[in-house]
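One structure is given below, encoded as structure tokens.
The values are calculated or read from the model by the stated rules, or taken from the named source; none is laboratory data. Owing to the predicted nature of the structure, the values given are computational and were not obtained by experimental measurement. Neighbour counts are summed over all protein chains in view; Cβ atoms, including those assigned to glycine, are modelled from backbone coordinates with ideal geometry. Remember, those area values only see protein heavy atoms, side chains included, never the ligands or the DNA or RNA. Shrake-Rupley method; radii C 1.70, N 1.55, O 1.52, S 1.80 Å.
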Amino acid sequence: MITSNIYNKLLGLAVAVITFGACADTWDDHYVQKGEGMNDGSLWQAITQNSNLSNFAKVVQACGYDKALNSSQVFTVFAPTNENFSTQEADELIADYNAEKGKVNDDDNTVIKEFIQNHILLYNHSVSPTSRDSLVLMNGKGIWLTANTFGNNTILSSNQHYANGVLYTIQGKVKYIPTVFEYLRKDADLDSIASFFYNPRFHRKEFFPERSVPGGIENGKTVYLDSVYVQQNRLWDMLWAYTNNEDSTYWMVTPTNKEWKKLIEEYEPYFNYDDQTPFRDSMAYTMPRLAIVDGTIFSRTLNTDAHLTDSALSTSAAETYLSREYSWGDKNLHYYQYGGASAENTQKPFSPTGIFSGTENVSCSNGQVMKSDNWKINKLNTFNQWIIVEAENQRSVKDVSRKKNPKTEEMDPTVTGMTRRVMNNNRFYGKVWNNAFVEFKQNLTTQNHTVSFNIRDVLSNIGYDIYLVTAPALANDSNATEAERLPVKIKCTINYHDQSGTSQSEVLQESVTTSPDIVDYILLADDFKFPTATFGLNESEPQVTLDLETKVESKEFRNKLFDRTMRIDCIMLVPHGISNVNENRFEVAPHGDGDVFQWWKE
């Protein structure tokens with residue numbers, strides 16, 4: 001993962017900054033001043049002695065950078081002259097600096113970062129008639145330097161060498177262009193999303209001892225001569241999107257304050273955690289807001305112009321079939337991806353109903369912000385996902401029914417689960433999820449049995465259609481006997497937490513009968529809503545479980561009308577409103593509110 005490094009001292013900056021293009025100067029030019037053409041004094045002395053740079057000098061001194069420019073540290077300074085940088089502009093910058101002083105670190109002060117460091121480079125940089133160098137400013141911004149221009153500004157005088165660097169004068173201030181991340185808090189329309197991203201619980205500097213300069217031990221602790229802090233933001237890591245990185249290019253779809261308020265009002269009930277949840281308030285704040293921004297950022301490395309005409313792959317998407325299956329239970333799930341080769345034209349990113357349609361686009365130094373006051377990213381494409389509990393997954397089964405063994409005094413399971421594979425020459429190949437199911441074979445034939453399944457990451461107050469998917473004996477053994485193909489009667493009970501954290505149980509079906517020779521999709525509940533959420537929780541003991549209990553009477557078992565061996569493929573919680581959920585699942589058609597998620601054959 002990439003982090004954006006901001007050092008708290010000039011020594012740290014000298015280590016961090018690197019040029020990103022070919023440079024005409026030699027190595028010695030950067031660090032050693034030549035005798036020929038050398039002027040007396042320091043850069044700061046030269047600036048103060050030039051009456052046409054008095055406004056620039058005033059700001060530099062007010063911000064404390066006069067000391068740096070009068071030191072032995074080597075810089076190249078591009079100073080705007082008074083003709084294009086007025087006294088009023090200088091006074092306004094000083095007022096802005098003082099308003100932030102003491103409230104933020106110096107490196108985060110807007111005037112230092114966006115004005116002072118926007119006109120200074122580390123080391124010596126001279127130009128020749130053929131120069132064309134791409135360089136890095138002290139604030140990390142890239143800029144082009146030619147014989148006559150610095151960025152978009154005309155150079156008025158150049159190559160003025162002093163004891164600690166080179167001085168240029170330029171016609172006007174260098175415009176500071178924010179990154180996608182920085183722009184969020186520069187636009188009043190985006191205050192809401194900015195307050196989320198810049199929340200101190202996510203956005204903070206962390207001390208990096210391995211990059212700092214130790215100075216000795218005091219009271220058993222290392223004292224550092226120079227401490228290096230690195231700007232971290234947990235949301236960058238969560239979203240795999242480092243939108244403050246100048247070396248990457250991103251598009252970010254951002255809701256305006258009006259849309260943000262509307263989405264928060266809708267999404268907050270979906271993330272209602274029970275009162276016993278650790279850090280409940282933090283979860284209740286973070287998760288609905290993360291649900292809005294997750295899937296809204298697009299790396300232009302993956303999303304070229306040609307690709308975007310057809311589909312857009314956000315940084316939260318899974319790029320490969322394997323990662324889709326691992327993350328979401330099936331390779332054909334396309335969460336956080338919009339459009340695709342098989343998608344309807346109305347689902348393409350730039351279609352009238354596409355996610356990029358109608359946005360106001362703002363260019364940034366590393367991409368663009370796409371402001372939207374008509375949100376078109378559907379929750380069925382992002383966080384409101386199918387929950388697929390594969391029976392063969394080791395984390396899926398919580399427990400099975402047990403009976404005390406009179407010989408060992410141990411509680412022995414009454415059933416044994418065996419994973420069965422569907423071979424590619426079997427007619428059920430591709431119809432059983434993941435081509436595997438679990439056969440829960442009875443150890444005791446005199447009683448019914450229960451298997452309890454864990455269900456994770458449920459949303460609250462949003463409808464799910466709950467399915468039990470069973471597999472036929474023929475899926476594992478094409479020669480299964482009639483006795484092995486008997487149906488099973490099952491009682492289905494869902495367990496969940498109420499608001500207080502107390503476990504509640506609700507019978508979904510008193511008795512459902514499996515169909516023995518098909519992959520059977522049994523609807524247990526229609527539009528079922530959980531009162532509390534578990535989405536995003538790392539649960540060792542999941543709150544939500546589904547108990548499957550055989551309900552076969554002894555005479556039914558003796559007369560070979562029903563069996564007690566359950567063959568469970570998976571349990572599915574499908575967002576309510578998606579139709580045609582069956583073994584032809586790759587042809588599921590959208591149904592319900594708007595442009596919803598589809599599964600496509602590939």
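Of note:
- Number of positions in region 179-193 that are within 16 Å of residue 368 (Cβ to Cβ) and either out of contact with any strand residue (DSSP E or B) (no Cβ under 9 Å at 6 or more places or on another chain) or assigned to a strand (DSSP E or B) (or both): 1
- Once region 285-300 is narrowed to residues that are among the hydroxyl-bearing types (Ser, Thr, Tyr) and farther than 13 Å from residue 369 by Cα, the residue that is least open to solvent (accessible area, probe 1.4 Å) is 286.
- Some residue of region 248-259 being at pLDDT below 95 and either aliphatic (A, V, I, L, M) or out of contact with any helix residue (DSSP H, G or I) (no Cβ under 6 Å at 6 or more places or on another chain) (or both): yes
- Residue within region 336-343 that is among the hydrophobic types (A, V, I, L, M, F, W, C), within 30 Å of residue 573 (Cα to Cα) and either out of contact with any Pro (no Cβ under 8 Å at 6 or more places or on another chain) or modelled with pLDDT of 95 or more (or both) present: yes
- Some residue of region 496-512 being touching a helix residue (DSSP H, G or I) at 6+ places or on another chain (Cβ under 6 Å) and either open to solvent by 20 Å² or more (accessible area, probe 1.4 Å) or within 24 Å of residue 269 (Cα to Cα) (or both): no
- Test: residue in region 241-250 that is under 20 Å from residue 382 (Cβ atoms), assigned to a helix (DSSP H, G or I) and either out of contact with any Gly (no Cβ under 9 Å at 6 or more places or on another chain) or among the acidic types (Asp, Glu) (or both): no
- Complete set of residues in region 212-229 that are in contact (Cβ under 8 Å) with a residue 12 or more places away in the chain, hydrophobic (A, V, I, L, M, F, W, C) and in contact with a strand residue (DSSP E or B) (Cβ under 6 Å, 6 or more places away or on another chain): 213, 225
- Residues of region 469-488 that turn out to be among the hydroxyl-bearing types (Ser, Thr, Tyr) and either in contact with a Pro (Cβ under 8 Å, 6 or more places away or on another chain) or surrounded by 21 or more Cβ atoms within 10 Å (Cβ to Cβ) (or both), as a count: 1
- Enumeration of residues in region 216-239 that are open to solvent by 50 Å² or more (accessible area, probe 1.4 Å) and more than 26 Å from residue 362 (Cβ to Cβ): 217, 218, 219, 220, 221, 222, 223, 224, 225, 229
- If you go through region 354-364 and keep only what is out of contact with any Gly (no Cβ under 8 Å at 6 or more places or on another chain) and either at negative phi or surrounded by 18 or more Cβ atoms within 10 Å (Cβ to Cβ) (or both), you end up with 355, 356, 357, 359, 360, 361, 362, 363, 364.
- Restricting region 198-211 to residues that are outside any strand (DSSP E or B) and free of Cβ contacts under 8 Å to residues at least 40 places away in the same chain, the residue that is most open to solvent (accessible area, probe 1.4 Å): 210
- Annotation note: Cβ proximity below 6 Å between a residue of region 502-525 that is under 19 Å from residue 573 (Cα atoms) and a residue that is β-branched (Val, Ile, Thr) and open to solvent by 70 Å² or more (accessible area, probe 1.4 Å) (sequence gap 6+ or interchain) occurs for no pair.
- Region 543-560 residues that are under 25 Å from residue 501 (Cβ atoms) and at pLDDT 95 or above, paired with ones that are among the charged types (D, E, K, R) and open to solvent by 60 Å² or more (accessible area, probe 1.4 Å) (beta carbon under 6 Å, 6 or more apart): 545/398
- Count - residues of region 516-556 that are within 30 Å of residue 427 (Cβ to Cβ), of a type outside the set (D, E, K, R) and open to solvent by 50 Å² or more (accessible area, probe 1.4 Å): 2
- Among (1) open to solvent by less than 10 Å² (accessible area, probe 1.4 Å); (2) among the hydrophobic types (A, V, I, L, M, F, W, C); (3) part of a strand (DSSP E or B); (4) under 28 Å from residue 241 (Cα atoms) - the single one residue 466 does not satisfy: (4)
- Residue within region 404-425 that is in a loop (DSSP other than H, G, I, E, B), touching a Phe, Trp or Tyr at 6+ places or on another chain (Cβ under 8 Å) and surrounded by 19 or more Cβ atoms within 10 Å (Cβ to Cβ) present: yes
- Selection of strands (runs of 3 or more DSSP E) fully inside region 76-175 by the criterion of at least 2 residues being touching a helix residue (DSSP H, G or I) at 6+ places or on another chain (Cβ under 8 Å) and open to solvent by 20 Å² or more (accessible area, probe 1.4 Å) returns 153-162.
- When residues of region 430-448 are limited to those that are under 12 Å from residue 417 (Cα atoms) and either at pLDDT 95 or above or within 42 Å of the chain's Cα centre (by Cα) (or both), the one surrounded by the fewest Cβ atoms within 10 Å (Cβ to Cβ): 439
- Looking across region 441-463, the residues that are under 30 Å from residue 283 (Cβ atoms) and part of a loop (DSSP other than H, G, I, E, B) come down to 456, 457, 458, 459, 461, 462, 463.
- Once region 480-504 is narrowed to residues that are under 24 Å from residue 522 (Cα atoms) and of a type in the set (S, T, N, Q), the residue that is nearest to the chain's Cα centre (by Cα) is 495.
- In region 390-429, the residues that are over 37 Å from the mean Cα position of the chain (by Cα), at pLDDT 90 or above, over 16 Å from residue 549 (Cα atoms) and charged (D, E, K, R): 427
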